[in-house]
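The values are calculated or read from the model by the stated rules, or taken from the named source; none is laboratory data. Please read all numbers here as calculations on a predicted model, not as lab measurements. Heads up, the Cβs are rebuilt from the backbone with ideal geometry, glycines too, and the neighbour counts pull from every protein chain shown.
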Amino acid sequence: MVKVKVISTFCDKHTGKYHYPGDLLEVEDERADELQGKGLVEKVKGKGAKGYKHPPENRMIEEAENR
């Protein structure tokens, strides 16, 4: 498993969930390579990785408040 940081919004073909820039995901090495090849994520190195880990409902509330 490897941690990746989302750099471009995408809908995961395996889970159907949307991921937004700044989100941190933990995926298998092969999946990380696939997503990185498409320019959707970048691999995170080290323990000090900064990003967002919001449940979908919190993201919707946050986006509505920012409009």
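Annotations
- Test set (1) at pLDDT below 90; (2) in a helix (DSSP H, G or I); (3) within 13 Å of the chain's Cα centre (by Cα) - N58 fails condition number: (3)
- Residue that is modelled with the lowest pLDDT [pool: residues in region 33-53 that are part of a loop (DSSP other than H, G, I, E, B) and hydrophobic (A, V, I, L, M, F, W, C)]: A49
- If the condition is being farther than 11 Å from K3 by Cα and over 13 Å from the mean Cα position of the chain (by Cα), then region 34-47 contributes E34, G37, K38.
- Applying the criterion of being touching a Ser or Thr at 6+ places or on another chain (Cβ under 8 Å) and assigned to a strand (DSSP E or B) to the residues of region 16-32, the residue that is farthest from V2 (Cα to Cα) is Y18.
- Pair list, Cβ < 8 Å and 6+ apart or interchain, from region 27-43 residues that are touching a residue at least 12 places away in the same chain (Cβ under 8 Å) to residues that are surrounded by 14 or more Cβ atoms within 10 Å (Cβ to Cβ) and in a helix (DSSP H, G or I): V27/L35; V41/A32; V41/L35; E42/Q36; K43/A32; K43/Q36
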